[in-house]
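Have a look at the structure below, then the notes.
Any read-out appearing in this document is the output of simple, stated calculations on the displayed coordinates, not a laboratory observation. Since the structure is predicted, the reported quantities are computational estimates derived from the model, not experimental observations. We place every Cβ from the backbone using ideal geometry, glycine too, and count neighbours over all the protein chains shown.
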Amino acid sequence: MQTRTTITLALLIVLLSFSAAYSAPGDRYSEHFAPLPRRADSLLNPLNPPKVTLGKMLFFDPRLSRSGVISCNTCHALSTGGVDNLPTSVGHGWQIGARNAPTVFNAAVLDTQFWDGRAATVEEQAGGPILNPMEMASTEELAVETIKSIPGYVSLFKKAYKHDKEPVTFANITKAIAAFERTLLTPSRFDRYLAGKKGGLRSEEIKGLDLFVSKGCVSCHNGVGIGGNSFQRFEYGTDEGRYNVTGATADRKVFRVPSLRNIERTYPYFHDGSVWELGTAVRTMASIQLGVELTDEETALIIKFLKSLNATRLTIKLPVLPPSTDTTPKPDPLWSPLAEEVPEDSADAVGGLEPIESE
Ligand code: HEC
Ligand code: HEC
């Protein structure tokens, strides 16, 4: 009997110390990082299932663009990490934008939106691209007119905004899209590690994490997004960053620190998308931001850690969109902001394109 108790006790001690050793590593860095929440709710835009369903449809719907070609998913493709994998995005009429598209995954948990942080929330952000002549090139009136002409949408708006007298408004379009974005959270193995759960980090990834902390990456890339919660100077390229928003000299070349979640998939890197290899991005960061040169081995270990920030399981079901009707405004892919000022027959009327010669 006594030996049995001793054995049980010994076993218990072994088990306890094992579990302590197991959960301790995650705790070590809990002051720097936080696991993703299950939901990213908002008091100003409460989530409900019809609103999220609607927002998902609108996210994928190219009819919110003037051309009928471009949806949010064009530049933030959910099948490729929430980005377009282009140096800088291509918008209406093949216009090349000035900045790289950051991922929409986990954007809802970041303190600010855009490389220069000019919007605070996904709600504030979502109207921008629809109206931007470089991106989806629509107007509030056109977007609302389009939605109102599609009965499938009108009934969904009524369900999502039960208490609104006028459910189809531009504000409600953007709120629905933002509500969907609030569900785009991608927990990773690193979150399991932080929570002390099984299936967390492997030993080389932990070594990479240790370097990420000891070299000082963590001073800017921290919190729930592993970035996304501060502004820092980055002397690189020609973009003036946050200076364009505030006009303050202190904000020259200052950028919102990006989240590093899903970073393996969101190439090319930096605000101008000038770097394709993750290793080059990591080494550039170390030398410009920290004044240190990383060895090949250190770089490789940090990359191993960064890859542990990938979504563990991610399935996105494509929504089926309601059909247009006879009254739905027709797509206008050749629309140009210039067309409104120049004569119809001018080549400029179609954005400088030469008319196609016919025999
Ligand atoms: C033509 C390409 C394009 C389209 C279409 C587009 N975006 Fe973007 N998006 C971008 C680019 C480029 C940026 C970064 C711009 C900047 O920082 O100045 C961005 C930034 C964002 C951000 C900020 C993420 C972060 O980490 O800061 C969110 C969120 C976002 N877009 C959501 C959307 C939604 C929702 C739609 C549809 C309504 C949409 N985008 C349509 C290219 C696009
Ligand atoms: C002083 C703050 C600071 C430090 C330290 C820092 N970063 Fe960054 N990091 C930034 C900022 C700001 C950006 C955005 C750069 C831009 O505007 O293109 C960035 C961008 C990145 C990117 C590209 C993200 C993307 O989506 O394009 C990676 C990868 C990255 N950092 C990794 C690291 C690593 C690894 C370290 C440590 C070796 C590190 N960073 C240290 C501030 C910092």
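Just to be sure I understand the model, the point goes 7 Å from the Cα along the line to the Cβ. What's the resulting Val154 to Asp41 distance in nm?
Each label point is offset 7 Å from its Cα along the Cβ direction, giving 3.3 nm.
Amide H of Thr328: which non-local residues (sequence gap of 5 or more, or other chain) have their own amide H closer than 5 Å, using H built in the peptide plane?
Residues meeting the amide H criterion: none.
What lysines sit close enough to Lys317 to cross-link, taking a C-alpha to C-alpha distance under 18 Å and skipping anything fewer than 8 places away on the same chain?
Counting by Cα, and skipping residues close in sequence, Lys317 has these lysines nearby: Lys51, Lys56.
Given the rule -39500 (n - 2.57) for each run of at least 4 DSSP H residues, summed and divided by the residues of the chain, what is its mean residue ellipticity at 222 nm, to the nearest 500 deg cm²/dmol? Could the numbers behind the result be given before it?
Details: 12 runs with 131 residues, N = 359.
-11000 deg cm²/dmol, from helical runs alone.
What is the distance, in nm, between label points placed 7 Å from the Cα along the Cα-to-Cβ direction at Ala119 and at Asp164?
The modelled label-to-label distance comes out at 1.6 nm.
Hey, can you rank 240-246, 29-35, 218-224 by average C-beta count inside 10 Å, highest first?
With the highest mean Cβ count within 10 Å placed first, the list reads 218-224, 240-246, 29-35.
Each residue of the stretch 107-117 in order: what ³J(HN,Hα) in whole Hz does its phi give by Karplus 6.51 cos²θ - 1.76 cosθ + 1.60, θ = phi - 60°, with x for Gly and Pro?
Once rounded to whole Hz, the list reads 4, 4, 8, 7, 5, 9, 10, 6, 4, 10, x.
Which order do Met134, Met57, Met285 fall in if you start with the one that has the fewest other Cβ atoms within 10 Å? Each step should come with its number before you reach the end.
On the way: Met134 16, Met57 19, Met285 23.
In order of increasing Cβ crowding within 10 Å: Met134, Met57, Met285.
When the Kirkwood hydrodynamic radius is evaluated over all pairs of different C-alpha atoms of the chain, what value in angstrom, to one decimal, is obtained? It would help to have the intermediate numbers written out before the result.
Details: mean 1/r = 0.0439 Å⁻¹.
It works out to 22.8 Å.
Which order do Trp94, Trp276 fall in if you start with the one that has the fewest other Cβ atoms within 10 Å? Walk me through the numbers on the way to the answer.
Working: Trp94 9, Trp276 12.
Arranged by neighbour count, lowest to highest, Trp94, Trp276 become Trp94, Trp276.
Once the stretch 250-313 is represented by equal point scatterers at the alpha-carbon sites, with solvent omitted, what log10 I(q)/I(0) does the Debye formula produce at q = 0.15, 0.23, 0.25, 0.30 Å⁻¹?
Once normalised to I(0) and log-transformed, intensities are -0.50, -1.09, -1.22, -1.42.
Starting from the Cα-Cα distance between Gln95 and Lys317, subtract it from 0.36 nm times their residue separation and give me the gain in nm to one decimal. Write out the running numbers ahead of the final one.
Numbers: separation 222, 0.36 × 222 = 79.92 nm, distance 2.96 nm.
Net length gain for the segment: 77.0 nm.
If I take every Cα pair under 8 Å that is 6 or more residues apart in the chain, average their sequence separation and divide by the length, what percent do I get for the relative contact order? All intermediate terms of the calculation are to be shown ahead of the outcome.
Working: 614 pairs, mean separation 80.2, N = 359.
Relative contact order of the chain: 22 percent.
HN-Hα J couplings of the stretch 264-274 from phi, Karplus 6.51/-1.76/1.60, θ = phi - 60°, integer Hz, Gly and Pro as x?
Ordered by residue, 3J(HN,Hα) equals 4, 9, 9, 5, x, 9, 6, 4, 9, x, 7 Hz.
Along the stretch 162-172, what does the Karplus equation 6.51 cos²θ - 1.76 cosθ + 1.60 (θ = phi - 60°) give for ³J(HN,Hα), rounded to whole Hz, x for Gly and Pro?
Listing the rounded values in order: 3, 8, 8, 5, 10, x, 8, 10, 5, 4, 6 Hz.
May I ask you to order 313-325, 43-55 by the average number of other C-beta atoms within 10 Å around their residues, highest value first? Write out the running numbers ahead of the final one.
On the way: 313-325: 11.3, 43-55: 16.2.
Descending mean neighbour count gives 43-55, 313-325.
Subtract the Cα-Cα distance of Thr327 and Asn48 from 0.36 nm times their separation in residues, and report this length gain in nm to one decimal. Before the final figure, lay out each step's value.
Working: separation 279, 0.36 × 279 = 100.44 nm, distance 2.96 nm.
Value of the extension gain: 97.5 nm.
So what's the net charge close to Ser188: Lys and Arg +1, Asp and Glu -1, counting the other residues with Cβ under 11 Å from its Cβ?
Numbers: positive: Arg189, Arg192, Arg261, Lys307, Arg313; negative: Asp191, Glu205, Glu264.
Around Ser188, the charge tally is +2.
Using amide H atoms built in the peptide plane, which far-off residues or other-chain residues are under 5 Å from Gly223 H to H?
Hits under the 5 Å cutoff: Phe33, Ala34.
Taking neighbour Cβ counts within 10 Å as the exposure measure, how do Val144, Val154, Val254 sort from fewest upward?
On the way: Val144 18, Val154 14, Val254 21.
Placing the least packed residue first, the sequence is Val154, Val144, Val254.
Return the long-range amide H neighbours of Ala77 (sequence gap of 5 or more, or a different chain), with a cut-off of under 5 Å between placed amide H atoms.
Distant-sequence amide H within range of Ala77: Gly82, Val83, Asp84.
What order, most packed first, do the peptides 125-131, 231-237 have when packing is the mean number of other Cβ atoms within 10 Å of each residue? Intermediate values should be presented prior to the final figure.
Numbers: 125-131: 20.9, 231-237: 15.4.
Result, highest mean Cβ count within 10 Å first: 125-131, 231-237.
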